[in-house]
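Colleague: Sharing a structure with you now.
The values are calculated or read from the model by the stated rules, or taken from the named source; none is laboratory data. All values derive from a computational prediction rather than experimental measurement. So basically every Cβ, Gly included, is an ideal-geometry build from the backbone, and we count neighbours across all protein chains shown. In case anyone asks, the SASA skips ligands and DNA or RNA and just uses the protein heavy atoms, side chains included. Shrake-Rupley method; radii C 1.70, N 1.55, O 1.52, S 1.80 Å.
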Amino acid sequence: QVQLIESGGGLVQAGGSLSVSCTASGRTIRIYAMGWFRQAPGKEREFVAAINWSGGGIYYADSVKGRFTISRDNAKNTVYLQMNTLKPEDTAVYYCAQARIGLGDPSRTRYEYWGQGTQVTVSS
């Protein structure tokens, strides 16, 4: 059974930085794209970033481009999201997801497994 466990969320002031990570168990992430999504209260879950199986293709939502960095360590079965210059509107539960294929995609339907989420709160 595949499990994705996120960690590293928390509370940070606007302008600050936070890093979240997601470690998979039950199946290697080596040949699958990985993604990060987020969901704020009362809003739809939205795409944040995705990375191809090899790390060679990376995609970001326009709202986080230039501030967030997604990376992966296949040897550790872990994907990371470094978040800089955080804004109050970045407040949400952040979810990692493992895709069905090796290419990253912003569509939620492309992802097969999801973590339980980690809360990120940015105060103004």
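Colleague: When only residues in region 64-76 that are open to solvent by less than 80 Å² (accessible area, probe 1.4 Å) and within 14 Å of the chain's Cα centre (by Cα) count, which is farthest from A97 (Cα to Cα)?
Modeller: Only one residue fits best here, namely R67.
Colleague: Could you give me the residue pairs with C-beta distances under 6 Å whose first residue belongs to region 24-37 and is surrounded by 24 or more Cβ atoms within 10 Å (Cβ to Cβ), whose second residue is charged (D, E, K, R) and in a loop (DSSP other than H, G, I, E, B) wherever it lies, and which are 6+ apart or on separate chains?
Modeller: What qualifies is F37/R45.
Colleague: Which of the residues belonging to region 104-124 are surrounded by 15 or more Cβ atoms within 10 Å (Cβ to Cβ) and over 13 Å from Q13 (Cβ atoms)?
Modeller: Matches in region 104-124: G104, D105, P106, R108, R110, Y111, Y113, W114, G115, G117, T118.
Colleague: Of the residues T69, T85, which is β-branched (V, I, T) and at positive phi?
Modeller: Every option except T85 fails the conditions.
Colleague: Could you list, in sequence order, all residues of region 87-103 that are of a type outside the set (S, T, Y), in contact with an Asp or Glu (Cβ under 9 Å, 6 or more places away or on another chain) and open to solvent by less than 20 Å² (accessible area, probe 1.4 Å)?
Modeller: A92, C96, A97, Q98, A99, listed by residue number.
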